[in-house]
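Contents: one structure, followed by commentary.
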Amino acid sequence: MRPVHVGAAQLGPIQKAESREAVVARMIALLEEAAGKSCDLVVFPELALTTFFPRWYMTDQAEVDTWFEAEMPNAAVQPLFDRAKALGIAISFGYAELTPDGHHFNTSILTDREGNIVGKYRKVHLPGHDEFDPDRAFQHLEKRYFEPGDLGFPVWDALGGVIGMCICNDRRWPETYRVMGLQGVEMVILGYNTPSVNSQKGQEGPEERLFHHRLVLQAGAYQNATFVVAVAKAGDEDGHPLLAGSVIVDPNGKVVAESKTEGDELIDYVCDLDETVFGKETIFDFKRHRRVEHYGRITSQTGVERA
Ligand code: CDT
């Protein structure tokens, strides 16, 4: 047995006017609950500290930068780091990162049990658009406010296993899991802010969106023999509903824990990382079965091409 007791700390909505300090207090409450259950690791959502600001069209870069963190930890977030260290729990959460040389990334971090940042990931697959789009029911301006991540898909030796991170839209891309799978990943952790309705197709509502959400997570887990922990920011943010449905998926692709509400909610599961071994040594033994001579298009082209 190589147990990692993971908590998926779903956050309910964060309104535009809500302060980082208020959100951090909510995160600490979930952390305390996780400590009561003896969790080793607690995962929070994408852009956990604020509302999902890419829905708002802004032209003033100074205003945009108010949504970013120039340091991590900073004064607002330090209490979360302090409490996690005191409880001996590793944490992961997403935030908007402004680097010292002025770059903007949609980032997530992983700490060890002592509150040290041991891993950083920057979102690779940025969805949405970069200019105001009057044809959408609402905006999704990640391509305007963020640059694509420049760190690839690393994995980290942590908590006795191999842990990788991705963020929200990354979960829809098989390459995300496979690049980590090729490094032996045993647990992929991620947060998301997924609008409950498709802004370009109003009839695609929460039911279909939940179906796609589970579909990609379960496939990614199974095809790479890894646990996947996916954590929502959910509920109604200033009139904009976000999907809930936080889940923990096992290496067979089965959902083993799932949230029931659209609010702050902790779900948890003891993941035995040894359960990843069977798949990795049999049907998804990459070394024996992969045929890279046929996969060239995966890295040599982006759009659809013939011949
Ligand atoms: N945050 C994020 O990546 N959300 C996307 C919405 C895509 S629609 C523009 C997602 O894949 O859930």
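Quick note: the coordinates plus some simple rules give every number you see, no bench work behind them. Because the structure is predicted, anything quoted here is derived from the model rather than measured. No Cβ is skipped: glycine too gets one built from the backbone with ideal geometry, and neighbour counts run over all protein chains shown.
Before moving on, here are some points about what is shown:
- Within the chain, longest stretch free of exposed GluC sites (Glu not before Pro) [DSSP loop, at most 12 other beta carbons within 10 Å]: 132-304
- Other residues whose C-beta falls under 14 angstrom from the C-beta of Leu31 contribute a net charge of -2, scoring Lys and Arg +1 and Asp and Glu -1.
- Assuming charge only on the beta carbon of Lys and Arg (+1) and of Asp and Glu (-1), the dipole of the chain about its Cα centre is about 980 debye to the nearest 20.
- Across segment 3-300, the relative contact order, built from alpha-carbon pairs under 8 Å that are at least six residues apart, equals 21 percent.
- Each of the peptides 2-10, 225-233, 77-85 was scored by the mean count of other Cβ atoms within 10 Å over its residues; in descending order, highest first, they stand as 225-233, 2-10, 77-85.
- Taking 28 Å as the straight-line reach from the Cα of Lys260, the lysines in range (excluding those fewer than 8 positions away in the same chain) are Lys16, Lys37, Lys123, Lys201, Lys233.
- Candidates Tyr121, Ser92, Gly36 compared by Cα position along the dipole of segment 1-159: farthest toward the positive end lies Gly36, with charges placed on Cβ.
- For segment 1-141, the antiparallel share of DSSP beta bridges with both residues in that region comes to about 65%.
- DSSP bridge analysis restricted to segment 78-237 gives an antiparallel fraction near 60%, rounded to the nearest 5.
- Global geometry of segment 268-307, whether rounded, prolate or oblate, following the gyration tensor of its Cα atoms and the 1.5 cut on a/c: oblate
- Each DSSP beta bridge with both residues in the chain is either parallel or antiparallel, and the antiparallel ones are about 65%.
- If you run the Gaussian network model on the chain, springs between alpha carbon atoms under 10 Å, then out of Asp157, Asp170, Asp236 the most flexible one is Asp157.
- Within the listed set Asn106, Asn169, Asn74, the Gaussian network model of the chain (springs between alpha-carbon atoms below 10 Å) gives the highest mean-square fluctuation for Asn74.
- Cα gyration tensor shape for segment 175-284, rounded if a/c is under 1.5, else prolate or oblate: prolate
- Magnitude of the charge dipole for segment 184-307, about its Cα centre and with charges confined to Cβ atoms of Lys, Arg (+1) and Asp, Glu (-1), is about 840 debye.
- Estimated purely from DSSP H runs of n ≥ 4, each contributing -39500 (n - 2.57), the mean residue ellipticity at 222 nm for the chain is -7000 deg cm²/dmol once divided by its residues.
- Sum of side-chain charges, Asp272 neighbourhood, beta-carbon under 13 Å (Lys, Arg +1; Asp, Glu -1): -4
- Among Gly245, Gly88, Gly296: highest mean-square fluctuation, GNM of the chain, C-alpha pairs under 10 Å: Gly296
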